[in-house]
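The values are calculated or read from the model by the stated rules, or taken from the named source; none is laboratory data. If you're wondering where the values come from, they're calculated on a predicted model, not measured in any experiment. All Cβ positions, glycine included, derive from the backbone under ideal geometry; neighbour counts span all protein chains shown.
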Amino acid sequence: MLALEVEGLVKTFLVKRKPEGFKASVRSLLRPEWTEKTAVAGIRLKAEAGETLAFLGPNGAGKSTTIKMLTGILHPSSGHARVLGMVPWKERAALAFRIGAVFGQKSQLWYHLPPADTFELLSRMYELGRADYLRRRDELVERFELGPYMQTPVRKLSLGERMRCEIAAAFLHRPELLFLDEPTIGLDVIVKRRIRELIAERNREEGTTVFLTSHDPSDIEQLCRRAVVIHHGTVIFDAPVERLKREVLTCKTVRLKLRDGARLLEKLPGGVRAAEAGPSAWRLSVDTTTASIEDVLAAFVGHCAIEDMTIEDPPMEDVIRAVYEGKAGGRPAEEGTV
Ligand SMILES: Nc1ncnc2c1ncn2[C@@H]1O[C@H](COP(=O)(O)OP(=O)(O)OP(=O)(O)O)[C@@H](O)[C@H]1O
């Protein structure tokens, strides 16, 4: 069954042109000039129920605008979309009962209320039966470990605590499809991992379709099976995440802080390049197709004492640039998607 079916979706905005110079600015106050800005330029996409899909693109590529159209918040300028068989901008209220949305930059919880109260309100909005609601709430509180926070006003929760509550709240009415727009933004590594695990668990156990945008390659690697990359409002890559990993996410940055570190390593393992090499800190670029993180550690351990180490993925912008430059051979948009 298809959860999503999108064909030729376009969204243009009218934007006021800002002229230069004082006189021109005053004139534009009286007679503003408008230009058309294309945010989404004909997206074509299909997703099966139960898929975990990463929807990627550089800043301004049109991801959020697409999500807003698919959740019925925005009307498209042209094109078609069906979400769970419904046209989102025409059947927004009915669709709201069957989808969930989490926006990392915007809280869905009432800021001054404790999550327990928001959960209550949501249960009424989604018209959940009392016994069913209580069972579901308790299950989510247990799985998301929300017990200690349920009675604390949201404004007093840390970002990580709040995000766990946000995501649990989005699952309250058992949505068939969950849109997640940057759900791990600003969180530390441990909280990010926990959040990914919880979303993956709901996908596994309840078959929830996941549609995720993120600038964090680890979100995609650990949570999604399929990656769709858009650029300038159109799909330029659509393939399993495995392929993205094999062909694009092949470079890791390892930072090492050394305790004594007086001696410099003379020879690095093949596939490892020193981007920075100082007496107390090294930044290494590791090509994971030819070297492993263990190779890096083996080269340093016994040579100098390691005080701290971090491993980073390439920035999403680099991943997308590689896709754009044709390093990865995903299916082009015209050939279909699933
Ligand atoms: N209401 C609006 N009015 C005018 N232009 C808009 C509006 N909303 C979005 N845009 C423009 O449309 C383009 C796509 O924006 P969108 O927010 O969808 O990108 P995005 O891929 O989500 O970016 P980011 O990763 O930075 O969140 C951008 O150039 C943006 O400035």
### Task
Please go through region 186-239 and pick out each residue that is within 13 Å of the chain's Cα centre (by Cα), within 16 Å of the ligand (Cβ to nearest atom) and among the polar types (S, T, N, Q).
213, 214
### region 86-103, residues that are of a type outside the set (Phe, Trp, Tyr), in contact with a Leu (Cβ under 8 Å, 6 or more places away or on another chain) and in a loop (DSSP other than H, G, I, E, B)
88, 98
### Query
Are any of the residues in region 41-52 surrounded by fewer than 16 Cβ atoms within 10 Å (Cβ to Cβ), in contact (Cβ under 8 Å) with a residue 12 or more places away in the chain, within 14 Å of the ligand (Cβ to nearest atom) and not small (Gly, Ala, Ser)?
no
### Task
Consider residue 180 carefully, then state whether it is crowded, with 22+ Cβ neighbours inside 10 Å and out of contact with any His (no Cβ under 9 Å at 6 or more places or on another chain).
yes
### Summary
When (1) surrounded by 17 or more Cβ atoms within 10 Å (Cβ to Cβ); (2) more than 16 Å from the ligand (Cβ to nearest atom) are applied to residue 103, the one that fails is (2)
## Note on the structure
Apart from one, (1) surrounded by fewer than 19 Cβ atoms within 10 Å (Cβ to Cβ); (2) among the small types (Gly, Ala, Ser); (3) at pLDDT 90 or above all hold for residue 170; the odd one out is (1)
### Task
Return a yes/no flag: does region 131-138 have any residue that is closer than 23 Å to residue 203 by Cβ, of a type in the set (Phe, Trp, Tyr) and either part of a loop (DSSP other than H, G, I, E, B) or touching a Cys at 6+ places or on another chain (Cβ under 7 Å) (or both).
no
### Message
Among the residues that make up region 10-33, is at least one of them within 15 Å of the ligand (Cβ to nearest atom), in a loop (DSSP other than H, G, I, E, B) and without any contact (Cβ under 8 Å) to a residue 12 or more places away in the chain?
### Response
yes
## Note on the structure
The condition of being assigned by TED's automatic domain parsing to the domain that holds residue 65 and either loosely packed, with under 13 Cβ neighbours inside 10 Å or touching a residue at least 24 places away in the same chain (Cβ under 8 Å) (or both) holds, among 241, 272, only for 241
### Summary
Listed by first then second residue, the pairs whose first member lies in region 149-175 and is within 15 Å of residue 201 (Cβ to Cβ), whose partner is exposed (fewer than 15 other Cβ atoms within 10 Å of the Cβ), with beta carbons under 7 Å and at least 6 positions apart or on separate chains, are 174/206
### Task
Would you mention how many residues in region 65-100 are crowded, with 19+ Cβ neighbours inside 10 Å and either within 16 Å of the ligand (Cβ to nearest atom) or over 22 Å from residue 223 (Cα atoms) (or both)?
13
